[in-house]
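Each reported figure results from applying straightforward, stated rules to the coordinates on display, with no laboratory input. Just so it is clear, the model here is predicted, and its values are computed rather than measured. For neighbour counting, all protein chains shown are included, and Cβ atoms are generated from backbone atoms with ideal geometry for every residue, glycine included.
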Amino acid sequence: MDSEDDMHDANDSAEDDFYSGGEAGLAASDDGDADYDFADHDSDDSAELLSHRQQQSYCILNEAGIKQCQGDDINRVSTVLSISKSEACALLRSYNWSVSKVHDEWFADEERVRKVVGFPEKRIAMPNDRELTCGICFESCPHASMNAAACGHPFCSACWRGYISTAINDGPGCLMLRCPDPSCAAAVGLDMINSLANEEDKEKYGRYLRRSYIEDNRKTKWCPAPGCEYAVEFVVGSGSYDVNCNCSYGFCWNCTEEAHRPVDCATVSKWILKNSAESENMNWILANSKPCPKCKRPIEKNQGCMHITCTPPCKFEFCWLCLGSWSEHGERTGGFYACNRYEAARQEGAYDESERRREMAKNSLERYTHYYERWAANQSSRHKALGDLESLQNDKLEKLSDIQSQPESQLKFIIEAWLQIVECRRVLKWTYAYGYYLPENEHAKRQFFEYLQGEAESGLERLHQCAEKELQIFLEADSPSKDFNDFRTKLAGLTSVTRNYFENLVRALETGLNDVGPSTSQSTAGIKNTTSKNVGGKSKSGKNKAASSKSGSSSRGVDDSNIWTCDQCTYVNPKSAKACQACDHQHR
């Protein structure tokens, strides 16, 4: 399968606009440079566009849909090759349900394909005797009670049923069932299963057949969510691996992990392995403990003096700092809370290597903990947002409809806001895995990434607060509020603004922040020049500097004098705009 980078041809432009909502992510300014502005998209149109894109890239299949697709493929092969449906089914199974591959192989060498699958060119009839001897039970049976595959080897119906039932109960291997005769490789087709097996075995065989269609077919997969029975048919080369199943679970088609744009599958694999590996445990032990000088067991010191006694059966007493025997310590060496011997040895360089290793492990652990805690925090926030969304749909929306005297269809902007919050929490979560693996020596790129991440976080917090806190005011009201329409405008505007920003942020990270050239300088010149080039006069102002600082971002390089923030929806506008570009509120 093509790599993810190959699947995103539309994202190659180095002038991607982080704030525009256009399909190409670029809005041209008067001077020909990229102009960072939010396009005014109607939410309904955006939803239809998203739905259209999803329909173009994949299709969700239930059990009936799987049967329909499987039947269509069987009919197509049967018609083109002029063979029975049972033979067509066996052919497709043998070639992993690839219609094109069946056609190619069949027309290239029909005789070889028939031999591989187990279909003789001409069906051999059973001997036309009144009685025949069964090859399994060796009983003489009437001709009417005997059956044979295409090879013509006769067996009685009772033995056939037992043979088929045993094969089906043994598992999916029954799909490649052959003639009971040990010397024969003729296939036992679907037609014989349907005519000889009982209803329970036929139902089980049908389930194996549907499973084979999904699991052996390169264009279909099961949804990996626990308990989900939907399958997904994917159009390879459609541009994005993200799939949203009807069970509400989102996953990556390529690696079947949780949907993780903008991070690639290799990074996700490394991050998940790191979260579950023992390496971080060893780093913690190295950073926070020292080995007993006698038995070498690691000991953690979290409080108290420097006098350490190892646990039984060792019970060795030693100094925590220099690891020497405590019998050689006392007031003359610094008492219980210091060690003159350690300080003297350290000045001579005796502890340089061990201290360096311990310091490196501590720094590595602290860095990993920084990113993991924020990754986990956004994951937790996303789960809570999903719970709030479910509560809203099941109960609160109806209540709000009654209070504000508006139909629920007029309140779908709230649902859209919460769906956007859930999606943005997922994206923001994976940006921390992205940041962890961003090379340390690319300082300009790291600074620019942290700035974008901080702006994304502060924008999402504004949307989340509006959808959570401000909505609660109207839920607790006793009568319709005249401010509800203003709330609608504000929430819809914030949803659109946040959606546009995150979509372009994802595109930028997927292209590796190509706007920023390689640099090893630790100065802010690189980020300042890059930000001026890409953000221009319509960047967000970094108003919520506390939120940006929390995620390690830097908002330097943005000219606050060329922008103003809307009092109603908090959208950042260029100084030349007379009205807010998100909600049309007039600038005072």
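In this rough spin-label picture, where each label sits 7 Å from Cα along the Cβ direction, the H103-E257 distance is 3.8 nm.
Based on the Cβ-Cβ distance from N198 to S409, what FRET efficiency comes out when R0 is 60 Å, to the nearest 0.05? Walk me through the numbers before you get to the answer.
Working: r = 51 Å, r/R0 = 0.85.
With R0 = 60 Å, the Cβ-Cβ based efficiency is 0.75.
For the cross-link pairs K67/K221; K290/K315; K482/K578; K270/K290; K85/K219, the ones whose C-alpha atoms lie over 20 Å apart are K482/K578; K270/K290; K85/K219. Can you check what the net charge comes to around Q393, using other residues whose Cβ is under 13 Å from the Cβ of Q393 (Lys, Arg +1; Asp, Glu -1)? Net charge around Q393: -3.
Annotation: amide H-H contacts under 5 Å for Y58 (H modelled 1.01 Å from N, sequence separation of 5 or more, or interchain): V235. Under the simplified labelling scheme, the E390-C184 pair shows an inter-label distance of 5.5 nm, with each label point 7 Å from Cα along Cα→Cβ.
I'd like the FRET efficiency for H307 and E440, computed as 1/(1 + (r/R0)^6) with the beta carbon distance as r and R0 of 51 Å, rounded to 0.05. Mind dumping the intermediate values first?
Working: r = 40 Å, r/R0 = 0.78.
It comes out at approximately 0.80.
About its Cα centre, the range 375-472 has a charge dipole of approximately 200 debye under the convention of +1 per Lys or Arg Cβ and -1 per Asp or Glu Cβ, with nothing else charged.
With a simple spin-label model that places each label point 7 Å from the Cα along the Cα-to-Cβ direction, the separation between Q68 and S140 comes to 5.5 nm.
Please work out the FRET efficiency for the pair K399 and C247, using the Cβ-Cβ distance as r and a Förster radius of 35 Å; give the result to the nearest 0.05.
On the way: r = 27 Å, r/R0 = 0.76.
For R0 = 35 Å, the calculated efficiency reads 0.85.
Over all directions, the average projected area of the alpha-carbon convex hull for the range 65-131 comes to how many nm²? Could the numbers behind the result be given before it?
Working: hull surface 23.3 nm².
It is 5.8 nm².
P(r) tail for the range 121-227: Cα pairs beyond 21 Å make up 43% of the total.
Highest mean packing comes first when the peptides 381-391, 184-194, 421-431 are listed by Cβ atoms within 10 Å, giving 421-431, 184-194, 381-391.
Using a cut-off of 11 Å between beta-carbons, work out the net charge of the residues near F316 (Lys and Arg +1, Asp and Glu -1, F316 not included). The partial results should precede the final answer.
Working: positive: K294, K296, R297, K315; negative: E317.
Result for the neighbourhood of F316: +3.
With N the number of residues in the range 347-483, Rg(Cα) / (2.2 N^0.38 Å) evaluates to 1.56.
Stretching A477 away from C228 to a fully extended chain increases their span by 85.7 nm, per 0.36 nm per residue minus the current alpha-carbon distance.
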